[in-house]
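Below is one structure, written out as structure tokens, with a few remarks after it.
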Amino acid sequence: ATKKYEMMILLTEEFNDSELKTWAFNYAKALRKLSASEISVISRGKRDLAYEINNQKKGNFIQINFSSMPKYIKEYTKDLKFDSNVLRFLVLN
């Protein structure tokens, strides 16, 4: 059975709006390929971080909501671990 998930992704602050949209769109496309559905992407904007991460003081927050089979979650996060633009991410259900 599919479950609803919420993913928060913290990206480096270098992104401008259009680069951010492109990154999020491509990631959503990757989710769809892995049979996720009801995908929505919400930009939470650029914010100050409570502490530095990789020498970054600010970051771009993106929220992605989607439905998926639990067995695919590891697949979704694998790409994020190796993306140098991603400072942190969290998946909640």
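The values are calculated or read from the model by the stated rules, or taken from the named source; none is laboratory data. If you're wondering where the values come from, they're calculated on a predicted model, not measured in any experiment. All Cβ positions, glycine included, derive from the backbone under ideal geometry; neighbour counts span all protein chains shown. These accessible areas exclude ligands, DNA and RNA; they are computed on the full protein's heavy atoms, side chains included. Shrake-Rupley method; radii C 1.70, N 1.55, O 1.52, S 1.80 Å.
Taking the stretch 28-53 as the range and being in contact with a strand residue (DSSP E or B) (Cβ under 7 Å, 6 or more places away or on another chain) and either among the acidic types (Asp, Glu) or in contact (Cβ under 8 Å) with a residue 40 or more places away in the chain (or both) as the test, the residues that pass are 31, 36, 38, 48, 53. Considering the stretch 64-82, and only residues there that are hydrophobic (A, V, I, L, M, F, W, C) and within 11 Å of residue 39 (Cβ to Cβ), the residue that is nearest to the chain's Cα centre (by Cα) turns out to be 64.
Only one of the listed residues (73, 39) is of a type in the set (A, V, I, L, M) and either modelled with pLDDT under 95 or assigned to a loop (DSSP other than H, G, I, E, B) (or both). That residue is 73.
Residues checked against (1) open to solvent by 30 Å² or more (accessible area, probe 1.4 Å); (2) of a type in the set (Lys, Arg):
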residue	(1), (2)
36	no, no
44	yes, yes
68	no, no
74	yes, yes
85	yes, no
88	yes, yes
